[in-house]
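Participant: What follows is a structure written as structure tokens; I'll ask about it next.
The values are calculated or read from the model by the stated rules, or taken from the named source; none is laboratory data. Values in this document were obtained by computation on a predicted structure and should not be read as measured data. Counting neighbours? That spans all protein chains shown, and the Cβs are built from the backbone with ideal geometry, glycine included. For accessibility, only protein heavy atoms count, side chains too; no ligands or nucleic acids. Shrake-Rupley method; radii C 1.70, N 1.55, O 1.52, S 1.80 Å.
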Amino acid sequence: MTTLNLGQLATFRLVVQRGSFSAAADMLGLSQPAVSLQIRQLEQFLQARLIERTGRGIKATAAGLALLTHGERIEQAVDETIRTVAAFSHEVNGTITIGMGATACIHLLPPLLQQLRQDHPLLRVGVTTGNTLEIVRAIEENRLDLGLVTLPAAGSALAIAPVLEEEFVFIAAEDQRELFTTLSAPELQARPFIAFGTGSSTRAVIDAWFLASGVEVEPVMQSGSIEAIKRMVRVGLGYSIIPRMAVECAEDRQGLCVRSLTPVLQRQLAIVMRQDKVLSKGISEIIRLLQTAK
């Protein structure tokens, strides 16, 4: 035996409490030789005599009494450990780290976090923003538990599950509504375009929409902040194309004309995780909420 056997500790405690091997054996439903063997193996492991015989039966030696004292502490620690671990089976708790783009973080995530806090107050969620490549790399390196990214996404040993299709929409200042008729790529080409920064997955989706119509555009301004883009559009500096979630609420589209493009432009969002990631209840609950998000 190379480790302390908790079962043998329990048997030793019962033998001392009952004052005999046979009484302990009856309580455990074992034979007396089996109980004696457990005590002998425990003594061999500890290299100490734990029980001695007296005229009235048996009693613990000094070493045995010390073991009983420590044994109670060990039992308490084991019980506490079991209760703590069992809590993870019954309650959604712990800490989950998730990565996503800034737009989804601002407009999609808050109601989900509010729901999580209401339903699972013991669950803590850490959020990191970044582009698809940054989030995928963090997941591969196990710095994040899961991510919500724009497809396409690829990486070694990743599980990728599409969860949401979202429309991109045209926005312009409300007082410029009449300047735009058919919102096709050729028509928009000549207008001042305020774009997301080059290199982002959002920008790639928009550029691909223009290129599908044989059109290339040169933005008059670029920004990595969707809120900055909306502010510049509101004051009439140009139009932009942004995810619909950024103007879903009335206050978010105040002062803006919001319309669908021709043809309609959509992107697909996917949940990304390592294939070997243990699917805890916390992670499962976040995935469920993301799958039902609108």
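Participant: Limited to region 122-161, what total is found for residues that are more than 27 Å from Glu227 (Cβ to Cβ), of a type outside the set (D, E, K, R), open to solvent by 60 Å² or more (accessible area, probe 1.4 Å) and under 15 Å from the mean Cα position of the chain (by Cα)?
Facilitator: Qualifying residue count, region 122-161: 3.
Participant: Give region 43-58 a look and list any residue that's loosely packed, with under 14 Cβ neighbours inside 10 Å and either assigned to a loop (DSSP other than H, G, I, E, B) or basic (Lys, Arg) (or both), or say none.
Facilitator: Gln47, Arg49, Arg53, Gly55, Arg56
Participant: In region 59-82, which residue that is aliphatic (A, V, I, L, M) and open to solvent by 90 Å² or more (accessible area, probe 1.4 Å) is farthest from Val15 (Cα to Cα)? Steps first, answer last, please.
Facilitator: We begin by selecting, within region 59-82, every residue aliphatic (A, V, I, L, M); these are 60, 62-63, 65-68, 74, 77-78, 82.
Narrowing further to those that are open to solvent by 90 Å² or more (accessible area, probe 1.4 Å): 65, 82.
Values: Leu65: 12, Ile82: 25 Å.
Residue satisfying both the conditions and the ranking: Ile82.
Participant: Right, another one. Given the conditions (1) open to solvent by 70 Å² or more (accessible area, probe 1.4 Å); (2) at pLDDT 85 or above; (3) touching a helix residue (DSSP H, G or I) at 6+ places or on another chain (Cβ under 8 Å), report the number of the one that Pro33 does not fulfil.
Facilitator: Of everything listed in (1) open to solvent by 70 Å² or more (accessible area, probe 1.4 Å); (2) at pLDDT 85 or above; (3) touching a helix residue (DSSP H, G or I) at 6+ places or on another chain (Cβ under 8 Å), Pro33 misses just condition (3).
Participant: Would you confirm, using the coordinates I've provided, whether Gly224 is modelled with pLDDT under 90 and open to solvent by less than 10 Å² (accessible area, probe 1.4 Å)?
Facilitator: no
Participant: Right, next: Kindly evaluate Arg40 against the criterion of being part of a loop (DSSP other than H, G, I, E, B), open to solvent by 70 Å² or more (accessible area, probe 1.4 Å) and farther than 30 Å from Ile271 by Cα. Reasoning before the result, please.
Facilitator: Working: part of a loop (DSSP other than H, G, I, E, B): no; open to solvent by 70 Å² or more (accessible area, probe 1.4 Å): yes; farther than 30 Å from Ile271 by Cα: yes.
For Arg40, the condition - part of a loop (DSSP other than H, G, I, E, B), open to solvent by 70 Å² or more (accessible area, probe 1.4 Å) and farther than 30 Å from Ile271 by Cα - is not met.
Participant: To continue, here is another question. Which one is surrounded by the most Cβ atoms within 10 Å (Cβ to Cβ) among residues in region 264-288 that are more than 15 Å from Ile98 (Cβ to Cβ) and β-branched (Val, Ile, Thr)?
Facilitator: Val264
Participant: Which residue is surrounded by the fewest Cβ atoms within 10 Å (Cβ to Cβ), if the candidates are limited to region 91-104 and must be under 14 Å from the mean Cα position of the chain (by Cα) and not polar (S, T, N, Q)?
Facilitator: Filtering first and then ranking leaves Gly94.
Participant: On to the next question. Answer with yes or no whether Gly255 is farther than 24 Å from Leu151 by Cα, more than 35 Å from the chain's Cα centre (by Cα) and open to solvent by 30 Å² or more (accessible area, probe 1.4 Å).
Facilitator: yes
Participant: Please go through (1) in contact with a strand residue (DSSP E or B) (Cβ under 6 Å, 6 or more places away or on another chain); (2) open to solvent by less than 20 Å² (accessible area, probe 1.4 Å); (3) among the small types (Gly, Ala, Ser) for Ala173 and return the number of the only condition it doesn't satisfy.
Facilitator: (1)
Participant: Now for a separate question. Against the definition (open to solvent by less than 10 Å² (accessible area, probe 1.4 Å), assigned to a strand (DSSP E or B) and within 18 Å of Thr181 (Cβ to Cβ)), how does Leu261 come out, yes or no? It would help to see each step written out before you state the result.
Facilitator: Working: open to solvent by less than 10 Å² (accessible area, probe 1.4 Å): yes; assigned to a strand (DSSP E or B): yes; within 18 Å of Thr181 (Cβ to Cβ): yes.
Answer is yes for this residue.
Participant: Tell me which helices (runs of 4 or more DSSP H) are completely within region 155-246 and hold 2 or more residues being within 21 Å of Thr132 (Cα to Cα), or say none if there are none.
Facilitator: The qualifying helices (runs of 4 or more DSSP H) are 201-212, 226-234.
Participant: Looking at region 227-252 only, could you name the residues that are β-branched (Val, Ile, Thr), in contact (Cβ under 8 Å) with a residue 60 or more places away in the chain and surrounded by 13 or more Cβ atoms within 10 Å (Cβ to Cβ)?
Facilitator: Within region 227-252, Val233, Ile241, Ile242, Val247 qualify.
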